[in-house]
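So the structure is just underneath, and the comments pick up after that.
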Amino acid sequence: MNKTKLLKLFLLGKDESKIYYQKNIIEDRMNFLNSISSEKVKFIFPVKAFPHKDILEKAASKLYGFDISNPNEYNLVKSFQSDLIWNSSPFPLVQFANNKIIHDLNSKFDLENMKEKFQNYAIRINTDHVNEDLSHHSRFGINSSDLQDCSYIHYHSGTEKNQVDTYLKMIDEIVALNLKDLKVLNLGGGFTHLEKEDILELIQKIEKQNFPFLILFEPGRWITNNSGVALGRVKNYTHNSGKDYIITTLSRDCHLRWLNKIKVSFHRSLAKEELLAKVKEVKITGPTCYEGDIITEVSMSEKIDIFYNDVIMISNVSGYSFAWNTSFNGIDKVKIELLN
Ligand SMILES: Cc1ncc(COP(=O)(O)O)c(C=O)c1O
């Protein structure tokens, strides 16, 4: 996205904070996934990764369906003609048990008490064992050794450290069980960092195998990552215990959760404003009263001037910021605009 154009738009709009999303970035990624889909491998869109009607409409036309995790998400997509809706709620949504949705069962309790209530259920498998990242433990799913024959199986490892091999490992584990009733194996999302070539390699390996079941993926961030740019204003500067802090209108907790590897740049506002500070290493913080509301820490090659109302630009925002966008105790939600 062109930074100068965005800065102009932001300054003209006079908002205190805003995220601009570029719809065509998301559409291009959906087009790619659509182009590599087949009878054996398909992609569904996790609603939480960007629950905006324009994005969901695109997903409905280009992908195979949706992953939802609560009734609100279901309501957002129920009017679309999608082939499949998978419900990954951590507890059974018994109110939807009789419709066509595939519902995750997450525990031994669910298997013993809930199975009979559902027309279509999936067994979710805990993924602690498929990833090398031993610091990550998931509360979702049953141990794979407790798996029973069923039509739908679901893995989702959210560590974002998954490699092509991680997904092949999940497949091998299921193939070894030789399940007679299996119709769909859903391998989840969590592969933001995989390049298109990696995904192609994975799909080609799957295609070669001729499995008697369909394989699904649910890429969220892979589709919506880096599609947005957040802009806010610098409002204050403090210096405490040897540290410089800049306080801005953008909040980590309200507007920028689940954002990794934050890239920040500073820009001058149009008006003539007061000089706040000269900084080199500085923590950029949000407007809430919460001590942990720290967006990032930056280290510049040399000292730069920071003026009151300077604009900060964060250029790698994902659709999850739209989903999380909250007001904490009256702090404004960030304004959102989708650009074509
Ligand atoms: C069940 C399920 N599938 C897919 C996703 C999307 O994950 P990602 O955005 O890491 O691809 C999530 C995200 O939390 C999820 O919970």
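Each value in this text was obtained by applying a stated rule to the coordinates, not by laboratory testing. This one's a predicted model, so the numbers in the text were calculated from it and none came from an experiment. Please note: Cβ atoms are built from the backbone with ideal geometry, for glycine as well, and neighbour counts cover all protein chains shown.
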In order through the stretch 180-191: 3J(HN,Hα) via Karplus (6.51 cos²θ - 1.76 cosθ + 1.60), integer Hz, x for Gly, Pro: 6, 8, 4, 10, 9, 10, 9, 9, x, x, x, 10
Amide H contacts of residue 87 (H built 1.01 Å from N, under 5 Å, at least 5 apart or other chain): 68, 102, 103, 104
MRE, 222 nm, helices only [DSSP H, n ≥ 4, -39500 (n - 2.57), over the chain, to nearest 500]: -7000 deg cm²/dmol
Under 23 Å from residue 335, Cα to Cα: lysines that are on another chain or at least 8 residues apart: 3, 5, 8, 14, 18, 23, 48, 53, 58, 235, 261, 263
Rounded FRET efficiency, nearest 0.05, which uses the C-beta distance separating residue 226 from residue 302 and R0 of 30 Å: 0.60
Segment residue 2-residue 112, length gained on full extension (0.36 nm per residue, minus Cα span): 34.1 nm
Whichever lysines have a C-alpha closer than 16 Å to that of residue 303, once near sequence neighbours (fewer than 8 apart) are set aside: 243, 278, 280, 283
Those GluC sites (Glu not before Pro) in the stretch 1-88 that DSSP places in a loop and that have at most 13 other beta carbons within 10 Å: 39
Point-to-point label distance, residue 257-residue 145, nm (Cα→Cβ direction, 7 Å offset): 3.5 nm
Geometric extent, Cα atoms of the stretch 57-111 - Rg, Dmax (angstrom): 11.7, 37
Sites residue 119 and residue 280 - FRET efficiency at Förster radius 51 Å, r taken between beta-carbons, to 0.05: 0.25
13 Å beta-carbon shell around residue 191, net charge (K/R +1, D/E -1): -3
Listed residues 148, 209, 81, most fluctuating in the chain (Gaussian network, C-alpha, under 10 Å): 209
Residue 137 paired with residue 325, simple spin-label distance in nm, labels 7 Å along Cα-to-beta-carbon: 3.7 nm
Partners for residue 115 among lysines (Cα-Cα distance below 21 Å; same-chain residues under 8 apart left out): 100, 180, 183
Karplus (6.51, -1.76, 1.60) ³J(HN,Hα), θ = phi - 60°, over the stretch 238-253, in Hz, Gly and Pro reported as x: 9, 10, 9, 6, x, 10, 9, 10, 10, 9, 10, 7, 8, 10, 4, 7
Nitroxide proxy distance, nm - points 7 Å out along Cα→Cβ at residue 236 and residue 172: 5.6 nm
Listed residue (301, 331, 290) projecting farthest to the positive dipole end of the stretch 285-340, Cβ model: 331
